[in-house]
1. Calculate the dipole size of chain B relative to its Cα centre from +1 charges on Lys and Arg beta carbons and -1 charges on Asp and Glu beta carbons; express the result in debye to the nearest 20.
2. Gaussian network model of chain A, Cα springs within a sub-10 Å range: biggest mean-square fluctuation belongs to which of A:GLY71, A:GLY82, A:GLY189?
3. What's the FRET efficiency of B:ARG77 with B:GLN208 using the Cβ-Cβ distance as r and R₀ = 25 Å, to the nearest 0.05?
4. Residue farthest toward the positive end of the dipole of chain A, with Cβ of Lys/Arg at +1 and Asp/Glu at -1: which of A:SER149, A:THR5, A:LEU96?
5. So how strong a dipole does region A:114-218 carry about its Cα centre when Lys and Arg Cβ are +1 and Asp and Glu Cβ are -1, to the nearest 20 debye?
6. With axes computed from alpha carbons, what is the tilt in degrees of helix B:28-37 against the longest principal axis of chain B, rounded to the nearest 10 within 0 to 90?
7. If packing is taken as the average number of other Cβ atoms within 10 Å across a peptide's residues, how do B:76-89, B:94-107 rank, most packed first?
8. Run the dipole for region A:1-135 about the Cα centre, Lys and Arg Cβ at +1, Asp and Glu Cβ at -1, nothing else charged, and hand back the magnitude in debye, nearest 20.
Amino acid sequence: MPGDTPDPFVDLQKIPWLKVLDQAGWDELLAATQLRSYNPDEVIFLEGDLPETFYVIHRGWVKAVKLSSEGREQILDFMGPGRPINIAPVFAEQPLPVTLVALEASALWAIQQSTLLKLLDRYPAMARQVIRALAGRLLYTVSLIEDLSLRSVTARLAKLLLMRLEESGQPVIARHRWATQAEIAARLGTVPDVIHRALRSLADEELIQVSRHQIVILDRAGLESKAQL
Amino acid sequence: MASAEDNNDAAEVLAAVPDFAELVPRCASMFDNLVGTAIWRDYDPSQVVFLEGEPCAGLGFVQEGWVKAVKMSPSGREQIVHLAGPGEVLNASCVLAETAKHLMTVVALEPAKVWIIPREIVLYSIEQCPRLTRIIARQLAERIQHLISIVEDLSLRPVEARLAHLLLEQSNKEVLHRQRWATQAELAARLGTVPDALHRTMRDLVKQGLIAVDRHQIHLLDHHGLETKAMLGE
């Protein structure tokens, strides 16, 4: 974008555990931050890589995936603007557990791990917030297991729709161009055919209305009971 | 209430948790504080240690016996998310998460002794000793990694591959001792399937000469063959 120089502070100040930094801390952090751009389908990092970088999404959407040996993929999460990436491996100094792929043209703030570890030692108040963020990730991962093992595909789909509703606060969910049935299937641990049928059955029961660019939630309570919440 | 002598036990249990051992020299007074407030309880087999949704009791440490952490479906099917034995930490998530509620139900698999450190004490200690943050962060990150591998198993591997993976992970020198509670129902709940399917899969692996099963142990006869089955290949 010509002439448009984004300010990392605008995105980073929204991360709860960075709010405890003072001016000196921010100066050090921003000096270690750079913007990196990615094309659609570009791999940002690979499972097993060293956790040298912490990212915050500035623009675009990415997916965190696990690949099977024959190339099937399980998407653990879709992530958009403002989302932090790699908190757990960066602070735990562990190899990255997933592969990250850009879903569309994206730009991410990249921050060196060494800088964050230094700041953590200097600002103890950061610690509690970091741990809270980690605990949140753990909760999320347990909910993925619960979904895959104990919920039907229709229940998983209903839950995903309700999560999006919760995030946006609006009953109309815009469909990203990359949010194909294949991608949704990979996120919910099934195949596109089954997603297609599940969407149709929710539409037949008048819980949702599906069109090319959006999904409208017609009956929230009905979806909640489908989701077995 | 625990006596001073009991709390020597607590000190030993805590110091034996690999990462916590680092605290003894670095944050001695905080370590004493954690130990001093710990209480222990004994559990019978099948007794509930913590109940999902209840307020968080505190950070748990298993001294003796094995416990399982499970999620239940509305219809009562269970998925085992974590098995913990002596020296392992329980509840890291509920102590640290904002909700402060138990995320999973924990049930004793055999007679078990569990130490509990109150939540407020742990949170206070984190601020006193920044080193503890790194330790807890590492514990949480390892747990997340373990959980992601379960997601991967459930979603990308058939039951046979999950079983082969579990056998390879848990075996010690080609022999896996079966704990008394490691029934096919428990194994099935760990692998996200039903006992029937697990039974058939186990029998298939035996027929193919990959493992031999008796009452108390499972022998891994063909490590390489199992690795192929586990689909661990790059």
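None of the figures in this text is laboratory data; all of them are computed from the coordinates on show. Fair warning: this is a prediction, and the values are worked out from it, not measured in the lab. Neighbour counts are summed over all protein chains in view; Cβ atoms, including those assigned to glycine, are modelled from backbone coordinates with ideal geometry.
1. Dipole about the Cα centre, nearest 20: 540 debye.
2. Comparing A:GLY71, A:GLY82, A:GLY189 in a Gaussian network model of chain A, the most mobile one is A:GLY71.
3. The formula returns an efficiency of 0.30 here.
4. Positive-most Cα among the choices belongs to A:SER149.
5. Dipole of region A:114-218, to the nearest 20 debye: 440 debye.
6. Helix B:28-37 sits roughly 80 degrees off the main axis of chain B.
7. Descending mean neighbour count gives B:94-107, B:76-89.
8. Values: 12 positive and 17 negative charges, 95 e Å.
It comes to approximately 460 debye.
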